[in-house]
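Worksheet: one structure, shown below.
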Amino acid sequence: MAEAAQDLMSTIVSLCKRRGFIFQSSEIYGGLNSCWDYGPLGVELKRNVKEAWWRSMVTNRRDIVGIDASILMHPKVWEASGHLSGFTDPLVDCKKCKSRFRADHLDNLEKCPSCGGELTDVRKFNLMFKTFMGPIEDESATVYLRPETAQGIFVNFLNVQQASRLKPPFGIAQIGKSFRNEITPGNFTYRTREFEQMEMEFFVPPKDDGYWYEYWKKTRMSWYIEYGIRPENLRLRDHSPDELAHYAKACADVEYRFPFGWSELEGIANRTDFDLRRHSEASGKSLAYFDNDSNTHYFPFVIEPAAGADRATLAFLIDSYAVEGEGKEARTVLRIHPALAPIKAAVLPLVKKDGMPEKAENIYRDLLDHSIRSFYDHNSSIGRRYARQDEAGTPFCITVDTQTLQDDTVTVRERDTREQFRVASGRIVEVISKKLNGKPL
Ligand code: GAP
């Protein structure tokens, strides 16, 4: 990574810790490699990212429903899906310094890139985490932590279809944790061993797969742009045939220009009828769909937009980060889309006297009562308080000042422009709600 990019990543990591977005897991014990904890601001941001995804994929559509499947599934699921035999990375170890590398990430398989030592032969390493179900730790009790949420959708395909009375084309969406014993995790929350996926399997008549593949590529690109990723930092990259997963007829990655280079945010794949057929064969229970119109059974094809909640959250954070102005005017600001911002409004009494804190407290209470995530702050100068909120990405600051005591109006300051306007304090909930929804006042 170039030095400037490295500096930007370090700045983001330290801002995340200082402001309570993301902490290293088990930090007081020296941390656990590749595991991260979301703090008070981070948990709100990530929830908002997941909610924005769910709204656009489920809530606002008539053709997609959601499920929440369990993380532990029958081990035969992973046999049928191909994960037990095929979900592997090629691995080499250094015989001298014991470092471990992905063979496909090395140019030279003769020498260790860290110490020059001799490397072992390439071995296949299965990425699934194993554990045991029940008190006896033997082979028959082995279960796996799911490496993707998709399989919970496939095995439930007919349950959901029949319960919801949906006809292809229709989709099933799920958000949840997945686990992969990655050989080389890194780049902060970009590649971790425990992460959250936002996946949707869209079941279509086989003849329509091309149309829906194009549709989902376009729709998913627009979603990132709608929520603030700059178009010049986003691209769609088609997989070459030798890159395709064993189940895919076609695949494209939505990539973001991270400081460490263009990297995948989401994969959009045409999985054909691979999974439904494999589970039908392996379980002996057909997952074919019965089409009333033609009076026939068929296996729908599947178009799958599969995104990572942690990667999307990191991209929204990095893309919104800016340092502006110079000298006294300099500020750090997170220009996060208001729908994703962890805190929507900060309420600030100008001074801690003359009834201003009481007035501010009432406004704060009112915002909370209307489920607008807000923050109350009366410590330090007003300039410092604005700066703290800019850095946290808060789109609006509401200041109770001397004029409030005369005419009951307050100042609303907008994060991005720093412009201010006054409104009657009784209208604050309405004004902030309209602003958050992009409606005129
Ligand atoms: N069901 C298909 C599937 O799982 P994938 O491309 O392996 O496809 C989908 O994963 C998304 O999940 C990725 O685009 C990425 O955003 C996220 N993801 C995958 N592995 C990850 C990891 N180790 N750490 C963080 N996110 C990960």
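The values are calculated or read from the model by the stated rules, or taken from the named source; none is laboratory data. These numbers come from a predicted model, not from an experiment. FYI the Cβ positions are ideal-geometry reconstructions off the backbone, even for glycines, and counts take in every protein chain you see. To get the accessible areas, we keep the full protein, side chains included, count just its heavy atoms, and leave off ligands, DNA and RNA. Shrake-Rupley method; radii C 1.70, N 1.55, O 1.52, S 1.80 Å.
Of the residues making up the stretch 336-377, those that are open to solvent by 50 Å² or more (accessible area, probe 1.4 Å), farther than 19 Å from residue 20 by Cβ and in contact with a helix residue (DSSP H, G or I) (Cβ under 9 Å, 6 or more places away or on another chain) are 337, 350, 351, 354, 359, 362, 366, 369, 370.
Condition check for residue 131 on (1) touching a residue at least 60 places away in the same chain (Cβ under 8 Å); (2) open to solvent by 10 Å² or more (accessible area, probe 1.4 Å); (3) of a type outside the set (Asp, Glu); (4) on the phi < 0 side of the Ramachandran plot: one failure, at (1).
Okay, residues lined up against (1) more than 30 Å from residue 32 (Cα to Cα); (2) more than 10 Å from the ligand (Cβ to nearest atom); (3) open to solvent by 20 Å² or more (accessible area, probe 1.4 Å):
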residue: 192; (1), (2), (3): no, no, no
residue: 201; (1), (2), (3): yes, no, no
residue: 204; (1), (2), (3): yes, yes, no
residue: 209; (1), (2), (3): yes, yes, no
residue: 212; (1), (2), (3): yes, yes, yes
residue: 221; (1), (2), (3): yes, yes, yes
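The residue pairs whose first member lies in the stretch 262-287 and is touching a residue at least 40 places away in the same chain (Cβ under 8 Å) and open to solvent by 10 Å² or more (accessible area, probe 1.4 Å), whose second member is more than 16 Å from the ligand (Cβ to nearest atom) and not charged (D, E, K, R), and whose beta carbons are closer than 6 Å, counting only pairs six or more residues apart or on different chains, are 273/299; 279/287; 287/158; 287/280. Residues that are touching a Phe, Trp or Tyr at 6+ places or on another chain (Cβ under 8 Å), at pLDDT 95 or above and aliphatic (A, V, I, L, M) are absent from the stretch 177-192.
Taken over the stretch 138-160, residues that are open to solvent by 70 Å² or more (accessible area, probe 1.4 Å) and closer than 18 Å to residue 76 by Cα amount to 2. In the stretch 80-184, counting only strands (runs of 3 or more DSSP E) that sit wholly within it, the ones holding 3 or more residues that are within 24 Å of the chain's Cα centre (by Cα) span 170-179. Candidates 420, 389: the one that is open to solvent by 80 Å² or more (accessible area, probe 1.4 Å), among the polar types (S, T, N, Q) and either touching a strand residue (DSSP E or B) at 6+ places or on another chain (Cβ under 6 Å) or under 26 Å from residue 45 (Cα atoms) (or both) is 420. Among the residues of the stretch 297-316, some residue qualifies, meaning at least one is over 24 Å from residue 49 (Cα atoms), open to solvent by less than 10 Å² (accessible area, probe 1.4 Å) and at pLDDT 95 or above. The selection criterion, being β-branched (Val, Ile, Thr), within 14 Å of the ligand (Cβ to nearest atom), crowded, with 18+ Cβ neighbours inside 10 Å and outside any helix (DSSP H, G or I), holds for residue 254. Highlighted here are the strands (runs of 3 or more DSSP E) found entirely within the stretch 325-441 that include at least 3 residues which are not hydroxyl-bearing (Ser, Thr, Tyr): 331-334, 345-349, 396-400, 409-414, 420-424. Between 391, 414, which is more than 21 Å from residue 353 (Cα to Cα), out of contact with any helix residue (DSSP H, G or I) (no Cβ under 7 Å at 6 or more places or on another chain) and acidic (Asp, Glu)? Answer to the check: 414.
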